[in-house]
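Reviewing the structure listed below.
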Amino acid sequence: MLKEVHVALILLLVVLGASAAGGRVLGLAMAAASFVVFDVLFLPPYNTLVVANPLDWFVLFAFLVTSVVAAQLLYRAQEEARAAHARAAEIDRLATLGAETLNAAHAAEALEAVADVVRSSTGVDACEILMRSSSGFTVAAQARTSSGRDVADATRSLAEWVSESGVAAIERRDGTTHLAGARPDTTELALLESGTALALLLPLRVRGRTVGVLRVANDSGIHFDPERWRFLDAISYYAALGVERTRLAAEAEHAAALREADRLKDALLASVSHDLRTPLTTIKAMAHDLRTLGDERSEIIEQEADRLNRFVADLLDLSRLKAGALPVHVELNAVDDLLGALVQRVEASLGAKQLVVTLEPGDPLLFGRFDFVQALRALANLVENANKYDRTDAPIEVMAERAGGEIAIHVADRGPGIPEGEQSRLFEPFQRADNAPRDGRGAGLGLSIARRVAEAQGGRLVYVSRQGGGSVFTLFLPVAEDILEPARPVD
């Protein structure tokens, strides 16, 4: 019996060695062969398959079961080791990709690194990452072998459709296209594993939004086993982040270019405006000399010089406001005094147009903390703007009231109003409405200066359409809370 035990152990080692070297099939075959060898050579009667002792049947079957279980367990351990090795290699590739993308100085270089890692890791001929740009749907990054072909126009159109629909697509050998879901299911994965697919297009998504398309292609057909597909699915998120980084970098560069252009424009305007002051002074002095000589044209020259001088002053002030250099002196002021000064300032320029100024009846005197001169300028700009656009006989209405912690001064007219599509650009410099009068001489600076002046002293300027037609501009200024206002006398 001791001899039989030794033989069984030796044969079991043979089965394990065969299973380790040749896999599960060879291990099971060696288990069956060892079973026969054990019976024929080591159990009486020898050289036959007959088993004389019934207890030997138990020994044989115990040996067979042990051999089969050992071969199966060894095979399973080997498969788990291979899977762990594959996962470790996948993690290494992802770590390499992360390092390459982080080390890339520019977003475009990072995207090229992603495309190169995808191509080399999946063994395809070409990998392209497409995204929408100002020139249409273009290839943002690509990596291909010498046999890789350029992206055709039809493929660009398909990629654009994939981006818009968020649905993956497979290009097959017969020239047809198979549409999948957001990610291929079992049927599509079978196509990718069989080699009948020439290209796969995946939508790239970041935070639920499609930002581009990843395309992998192979002229001899795509052969993606589950491991490669799992890696491609994981790495596609890196590609999506790379596309988003490229888009954000492009937007940042565009914004920086706009800021620089705006800075240069402000510097140019400030320089030109300052240089115009001297010739304007000379022109006005010469016009005054012509008036003393009786030349009637001198009055027109002086009027135009004054208009141009106001325009130059507006340009200079706008430049100072943008730079935060316009001096603002916030003091305690009464709204009654502000409205009285407003009437005196604009009365001459209104002509026959009537200006109606009202305060809420029964309200106490309103006091605020604001720059009197700048607030007056903002209101004057609003009244002059209303007079320019309102060609009806209706008066321009100015009303002041308290609105919570602010003083609200409304300037209302019955002009054509501001179209809804233009209201977002209303307070931009040099902005004039499409319905502006043809003979209007404004440069489109008044409203922009008025808003910036209001904001410089802690206020704000808003616009709403007036019910029944027209416009209402409201200047909000900080109210003075610590003033004990006397009651308004009642007539």
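The values are calculated or read from the model by the stated rules, or taken from the named source; none is laboratory data. As the structure is a prediction and not an experimental result, all values here were calculated from the model. Here the Cβ positions follow ideal geometry from the backbone for every residue, glycine too, while neighbour counts run over all protein chains shown. The protein model used for the area step is the full one, side chains on, heavy atoms only, and it has no ligands, DNA or RNA in it. Shrake-Rupley method; radii C 1.70, N 1.55, O 1.52, S 1.80 Å.
In the stretch 41-55, which residues are free of Cβ contacts under 8 Å to residues at least 24 places away in the same chain and under 13 Å from Ala8 (Cα atoms)?
From the stretch 41-55, those free of Cβ contacts under 8 Å to residues at least 24 places away in the same chain are 41, 44-55; that's our starting set.
The one that is free of Cβ contacts under 8 Å to residues at least 24 places away in the same chain and under 13 Å from Ala8 (Cα atoms): Leu41.
So how many residues does the stretch 214-233 have that are surrounded by 14 or more Cβ atoms within 10 Å (Cβ to Cβ), out of contact with any Pro (no Cβ under 9 Å at 6 or more places or on another chain) and part of a helix (DSSP H, G or I)?
5
State which residue pairs qualify: first residue among the small types (Gly, Ala, Ser) and inside the stretch 247-265, second residue surrounded by 10 or more Cβ atoms within 10 Å (Cβ to Cβ) in any location, beta carbons under 7 Å apart, and separation of 6 or more residues or different chains.
Here the result reads Ala249/Ala107, each pair linking the stretch 247-265 to a residue that is surrounded by 10 or more Cβ atoms within 10 Å (Cβ to Cβ).
Name the residue that is modelled with the lowest pLDDT, counting only residues in the stretch 156-181 that are open to solvent by less than 50 Å² (accessible area, probe 1.4 Å), in a loop (DSSP other than H, G, I, E, B) and over 18 Å from Val118 (Cβ atoms).
If we take residues in the stretch 156-181 being open to solvent by less than 50 Å² (accessible area, probe 1.4 Å), in a loop (DSSP other than H, G, I, E, B) and over 18 Å from Val118 (Cβ atoms), then Gly181 is modelled with the lowest pLDDT.
Do the conditions hold for Glu100, that is, is it open to solvent by 50 Å² or more (accessible area, probe 1.4 Å), modelled with pLDDT of 75 or more and not aliphatic (A, V, I, L, M)?
When the stated conditions are applied, Glu100 does not pass them.
The conditions are (1) at pLDDT 80 or above; (2) open to solvent by less than 40 Å² (accessible area, probe 1.4 Å); (3) not in a loop (DSSP other than H, G, I, E, B), and Val124 fails exactly one of them. Which is it?
Tallying (1) at pLDDT 80 or above; (2) open to solvent by less than 40 Å² (accessible area, probe 1.4 Å); (3) not in a loop (DSSP other than H, G, I, E, B), Val124 fails exactly one: (3).
Here is a yes/no grid of residues against (1) in contact with a Cys (Cβ under 6 Å, 6 or more places away or on another chain); (2) assigned to a loop (DSSP other than H, G, I, E, B); (3) open to solvent by less than 90 Å² (accessible area, probe 1.4 Å); (4) more than 30 Å from Arg228 (Cα to Cα):
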position	(1), (2), (3), (4)
Ile10	no, no, no, yes
Leu16	no, no, yes, yes
Val40	no, no, yes, yes
Ser67	no, no, yes, yes
Ala77	no, no, yes, no
Arg82	no, no, no, no
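Please work out which residue is nearest to Pro429 (Cα to Cα), limiting yourself to the stretch 290-315 and to residues that are aliphatic (A, V, I, L, M) and surrounded by fewer than 17 Cβ atoms within 10 Å (Cβ to Cβ).
Among those that are aliphatic (A, V, I, L, M) and surrounded by fewer than 17 Cβ atoms within 10 Å (Cβ to Cβ), it is Ala313.
Going through Leu189, Leu204 one at a time, which residue ends up being modelled with pLDDT under 80 and either under 26 Å from Gly136 (Cβ atoms) or open to solvent by less than 70 Å² (accessible area, probe 1.4 Å) (or both)?
Leu189
Can you tell me which residue among Val36, Val15 is touching a residue at least 12 places away in the same chain (Cβ under 8 Å) and closer than 14 Å to Ala70 by Cα?
Val15
Could you list, ordered by first residue, the pairs with Cβ atoms under 7 Å in which the first is in the stretch 59-79 and closer than 15 Å to Val37 by Cα and the second is among the small types (Gly, Ala, Ser), at least 6 apart or interchain?
Partner pairs satisfying both residue conditions: Phe63/Ala8; Leu64/Ala31; Ser67/Ala31; Ser67/Ser34.
Looking at Leu376, is it modelled with pLDDT under 90 and of a type in the set (A, V, I, L, M)?
No.
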